[in-house]
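A short worksheet on the structure shown next.
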Amino acid sequence: MKRDKSLCLLAFVTIMFLLIIASITSVEGRKNHVKKGKSHKHKKDKNKGNSTAPDSSPAPAPLPGHDSYPTGSKIFDVLSFGAKGDGVSDDSEALLAAWKAACKIPGATVEIPSEFKFLIKPITLQGPCMPQLVLQIDGALLAPPNVGSWPKSSLFQWINFKWIHNFTIQGSGVVDGQGSEWWTPCDDQSYYIQKKFKHIPNWKPTALRFYSSFNVTVHDIKIINSPQCHLKFDSSGRVNVNNITIFSPESSPNTDGIHLQNTRDVEIQHSDLGCGDDCVSIQTGCSNIHIHHINCGPGHGISLGGLGKDKSVACVSDIVVEKISLLNTLAGVRIKTWQGGMGSVKNVSFSNIQVSNVKVPIIIDQYYCDKNVCKNQTGAVAISGVKYDQIIGTYSVQPVHLACSNDIPCTEVDLIDIQLKPSFGYRGFHQALCWNSYGKSQAPLLPSSIDSCLRRDGGSVKRIARSREHVCV
């Protein structure tokens with residue numbers, strides 16, 4: 001009897017143990033199932049949140065070797081904005097996108113990387129932007145090579161910088177205007193151009209133009225083969241150009257190196273400029289300009305003007321040009337004005353100028369004309385306070401040519417330490433020409449005819465000249 005009771009108790013305990021184990025196993029299974037379900041749901045929600053985030057769209061895939069920049073970087077590489085850099089694809093939109101992004105960040109840099117060529121169609125890079133923006137050009141920017149591909153609305157400039165302050169262009173790269181078709185189109189090209197434009201366009205684009213921009217620095221880059229002017233500053237101020245190279249062939253027409261118009265407070269220094277027109281051209285509205293340590297050639301020299309075209313008012317003052325070397329140029333240092341103009345050129349200094357085989361080293365030409373014949377007109381831009389000091393070297397046509405207006409004489413013109421010898425094989429004029437020009441000369445003077453070239457200043461002459469200056473006050 002006792003044995004039966006013991007067996008029943010043992011069986012009861014065993015059954016209860018098995019029931020407890022089964023219950024524990026079931027609970028653990030449900031817990032694991034719930035955990036897995038929650039995990040899948042969380043992962044799904046996370047992906048869904050990313051797909052609707054405003055900044056979730058991926059950046060264009062960079063080319064090999066150019067990783068995407070981390071958020072917060074101040075470097076904006078055009079390759080990261082979709083540029084191809086193969087010299088054939090249109091990379092204009094990529095450059096514009098990089099510019100707009102960098103424009104919002106103080107101290108940002110738009111990067112044109114080395115070993116790539118970027119074809120850029122006519123474009124305006126516009127401000128105002130945050131200060132200290134940099135365009136770093138280490139690769140090549142290429143203009144459209146075919147004249148017919150330029151829209152009529154974009155014939156004034158290729159790359160236009162507008163309303164930019166505290167801005168720098170720098171780098172070891174090149175800006176190539178690819179302008180050969182604009183200079184001497186062949187028969188087939190000429191036919192296509194005339195068919196599209198009815199004639200070869202009168203306007204030809206400047207490579208780089210700054211408009212209404214201040215505190216601008218351009219240094220170290222190379223600008224070549226512009227259709228017309230290479231680097232232009234218009235209605236700008238506080239400009240520094242340093243250690244740049246500009247080049248186009250001597251035969252390329254109207255390809256000024258650096259062109260200044262309505263621009264003040266400029267320094268251009270330590271640069272090599274060679275082109276088919278003026279190495280530096282200073283136009284109306286310019287003052288406080290300092291140009292020094294420049295190599296110029298080929299080209300037409302350093303020029304003020306032409307000023308006063310179509311009876312317009314021209315005002316230029318406080319110009320210093322010094323420590324210049326000119327080789328095989330049409331002119332050395334010159335002032336050129338149209339007949340019939342108004343206004344004044346005053347306080348100009350040309351000093352320490354070395355000329356080598358320059359056709360006419362010293363020029364004032366108040367009968368400037370860019371056509372075969374120009375109509376004689378009365379009136380002129382008044383020229384006063386011009387100093388030529390230490391102009392030394394060789395000439396191939398004439399040493400000095402000062403042709404001042406019959407109506408408004410040039411006054412206070414100084415010729416100091418002028419030593420000019422004819423070039424080898426010279427067949428020009430030994431005599432200096434001074435017409436209606438007043439001032440003083442100071443030895444040494446070579447050729448000796450310079451000594452008697454200028455007339456002595458008279459009070460009545462100065463009064464006549466100054467009567468025309470009031471429009472510039």
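The values are calculated or read from the model by the stated rules, or taken from the named source; none is laboratory data. Remember, it's a predicted structure, so these values are computed and weren't measured experimentally. Ideal geometry is used to build each Cβ from the backbone, glycine not excepted, and the neighbour counts take in all protein chains shown. Just so you know, the surface numbers come from the protein's heavy atoms only, side chains and all, with ligands and any DNA or RNA stripped out. Shrake-Rupley method; radii C 1.70, N 1.55, O 1.52, S 1.80 Å.
Remarks
- Over the Cα atoms of region 261-357, the radius of gyration divided by the Kirkwood radius equals 0.97; this is the Rg/Rh ratio.
- Inter-label distance, K74 to S251: 4.8 nm, where each label sits 7 Å from its Cα along the C-beta direction.
- About its Cα centre, region 373-422 has a charge dipole of approximately 240 debye under the convention of +1 per Lys or Arg Cβ and -1 per Asp or Glu Cβ, with nothing else charged.
- Shape of region 235-303, Cα gyration tensor, a/c cut at 1.5: oblate
- Once all protein chains are placed together, K323 keeps about 90 Å² accessible to a 1.4 angstrom probe.
- Chain lengthening between V88 and S449 when straightened (0.36 nm per residue, less Cα-Cα): 124.1 nm
- Å² per residue, accessible surface of region 201-251 at 1.4 Å: 34 Å²
- Exposure check, 1.4 Å probe, all protein chains in place: T109 carries approximately 20 Å² of accessible surface.
- A simple packing score, the average count of other Cβ atoms within 10 Å per residue, orders the peptides 154-160, 358-364, 416-422 as 358-364, 154-160, 416-422, with the highest score first.
- The packing ranking, built from the mean of other Cβ atoms within 10 Å per residue, places the peptides 393-405, 240-252, 141-153 in the order 393-405, 240-252, 141-153, highest first.
- Ordering E412, E115, E322 by accessible surface, largest first, gives E115, E412, E322; the 1.4 Å probe counts only protein heavy atoms, with every chain in place.
- Mean-position separation - Cα centroids, region 350-399 and region 267-343, in angstrom: 10 Å
- Phi-based couplings in Hz for region 404-413 (Karplus 6.51, -1.76, 1.60; Gly and Pro marked x): 8, 5, 5, 8, 10, x, 7, 10, 6, 9
- Estimated distance in nm for a label pair at K152 and V471, the labels positioned 7 Å out from Cα along Cα-to-Cβ: 3.3 nm
- Heavy-atom accessible area order for K440, K204, largest first, 1.4 Å probe: K440, K204
- Set K232/K309; K336/K371; K121/K371; K323/K371; K152/K222; K204/K346 screened for pairs whose C-alpha atoms are more than 23 Å apart: K121/K371; K323/K371; K152/K222; K204/K346
- The R427 and V320 beta-carbon pair, evaluated with R₀ = 35 Å, returns a calculated FRET efficiency of approximately 0.55.
- One decimal place: the segment H290-V373 gains 26.4 nm when fully extended, by the rule 0.36 nm per residue minus the C-alpha distance.
- Spin-label pair Q126-S235: with each label point 7 Å from Cα along the Cα-Cβ axis, the two points sit 1.3 nm from one another.
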